[in-house]
Amino acid sequence: MTTRDRVALHVNVDHVATLRQARGTAYPDPIAAAVICERAGADGITVHLREDRRHIQDDDVRRLRSLATKRMNLEMAATAEMVAIANEIGPDIVTLVPERRQEQTTEGGLDVVTHRDLVAQAIQDLGAIPVSLFIDPEADQVRMSKELGAHAVELHTGEYAHDESASELARLVAAAEVAAEVGIELAAGHGLTAENVKELVAKLPNLVEVNIGHALVSDAVFVGMAGAVERYLAALARA
Ligand code: PXP
């Protein structure tokens, strides 16, 4: 099956690093997990280098760059430190996300309307590296992302994943329509599972890619990384 027949799967391996950091051991290695995911058919690997380094470490990002054979997506805050690291390492794409130190995970999208100057500066400083913006599913956020020259938007699906309500799905559909209208590539992520992602695949015809971490790594506890990737690839097939 090619990516034309299904939505592309980027596996976020941060939670493999979370398990490693919990004990300060060398295992489990998130980059070894990334290699298995690629071999099992994942289209890319996503890592979030947080300012507090709570899971992924700088060395992981370097090793992923040297071992990745598919697309490498570096999630990061729009700070000078992170921009310098991205420019040194050269991921295939950077996703700019908001970061709050006390949060459990990325809570809410980056408000690119309020922070337009900061985002514009980061996009400029990242030069030739394409930039995706992780935003809430709102028309003004999508339009501003296009205006700022972003390559793609990643719609925050956390609210939808929380209750799978019709209203949250409608918000995502509406934002996806704006993305199609302005001509910007569409990705989605956060809280997605092999079950709740199917509705997005069905309702968002222009969805190109999803970034999935926590649920996939959780499934891997039972079926292994390769088995989990295969399960998600099947869920991402277009009818
Ligand atoms: N996309 C972005 C921008 C994220 O920050 C995260 C969480 O790190 C994900 C996708 C993956 O979310 P989850 O781990 O809930 O699948």
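Just to be sure I understand, how many residues within region 187-228 are aliphatic (A, V, I, L, M), more than 18 Å from A17 (Cβ to Cβ), in contact (Cβ under 8 Å) with a residue 12 or more places away in the chain and assigned to a helix (DSSP H, G or I)? Steps first, please.
If we filter region 187-228 for residues that are aliphatic (A, V, I, L, M), which is where we start, we get 187-188, 192, 194, 197, 200-202, 204, 207-208, 210, 212, 215-217, 220-221, 223, 225-226, 228.
After this cut, where a residue has to be more than 18 Å from A17 (Cβ to Cβ) as well, the list is 187-188, 192, 194, 197, 200-202, 204, 207-208, 210, 223, 226.
If we keep only those that are in contact (Cβ under 8 Å) with a residue 12 or more places away in the chain as well, we get 187-188, 192, 194, 197, 200-202, 204, 207-208, 210, 226.
Within this subset, residues satisfying the condition of being assigned to a helix (DSSP H, G or I) are 197, 200-202, 226.
The number of residues fulfilling the criteria is 5.
Anything in region 195-224 that is more than 18 Å from D163 (Cβ to Cβ) and within 12 Å of the ligand (Cβ to nearest atom)? List them, or say none.
Scanning region 195-224 gives E209, V210, N211, I212, G213, L216, V217, S218, D219.
Checking the condition assigned to a loop (DSSP other than H, G, I, E, B) and in contact (Cβ under 8 Å) with a residue 24 or more places away in the chain, which residue from V83, V112 passes? Steps first, answer last, please.
Working: V83 fails: assigned to a loop (DSSP other than H, G, I, E, B).
Answer to the selection: V112.
Only one of V131, V153 is among the β-branched types (V, I, T) and under 21 Å from E81 (Cβ atoms). Can you tell me which? Spell out how you get there, then give the answer.
Values: V153 fails: under 21 Å from E81 (Cβ atoms).
Exactly one of V131, V153 is among the β-branched types (V, I, T) and under 21 Å from E81 (Cβ atoms), namely V131.
Does at least one position in region 154-162 carry a residue that is of a type in the set (D, E), at pLDDT 95 or above, within 11 Å of the ligand (Cβ to nearest atom) and not in a loop (DSSP other than H, G, I, E, B)?
yes
Looking at V112 and the list (1) of a type in the set (V, I, T); (2) within 14 Å of the ligand (Cβ to nearest atom); (3) surrounded by fewer than 17 Cβ atoms within 10 Å (Cβ to Cβ), which single condition is not satisfied?
Evaluating V112 over (1) of a type in the set (V, I, T); (2) within 14 Å of the ligand (Cβ to nearest atom); (3) surrounded by fewer than 17 Cβ atoms within 10 Å (Cβ to Cβ) leaves (3) as the failure.
A150 versus (1) farther than 17 Å from V7 by Cβ; (2) in contact (Cβ under 8 Å) with a residue 12 or more places away in the chain; (3) not polar (S, T, N, Q); (4) not in a loop (DSSP other than H, G, I, E, B): which is the lone unmet condition?
In the conditions (1) farther than 17 Å from V7 by Cβ; (2) in contact (Cβ under 8 Å) with a residue 12 or more places away in the chain; (3) not polar (S, T, N, Q); (4) not in a loop (DSSP other than H, G, I, E, B), A150 misses (4) alone.
The values are calculated or read from the model by the stated rules, or taken from the named source; none is laboratory data. From a predicted model like this one, the values you see are computed outputs, not experimental measurements. For neighbour counting, all protein chains shown are included, and Cβ atoms are generated from backbone atoms with ideal geometry for every residue, glycine included.
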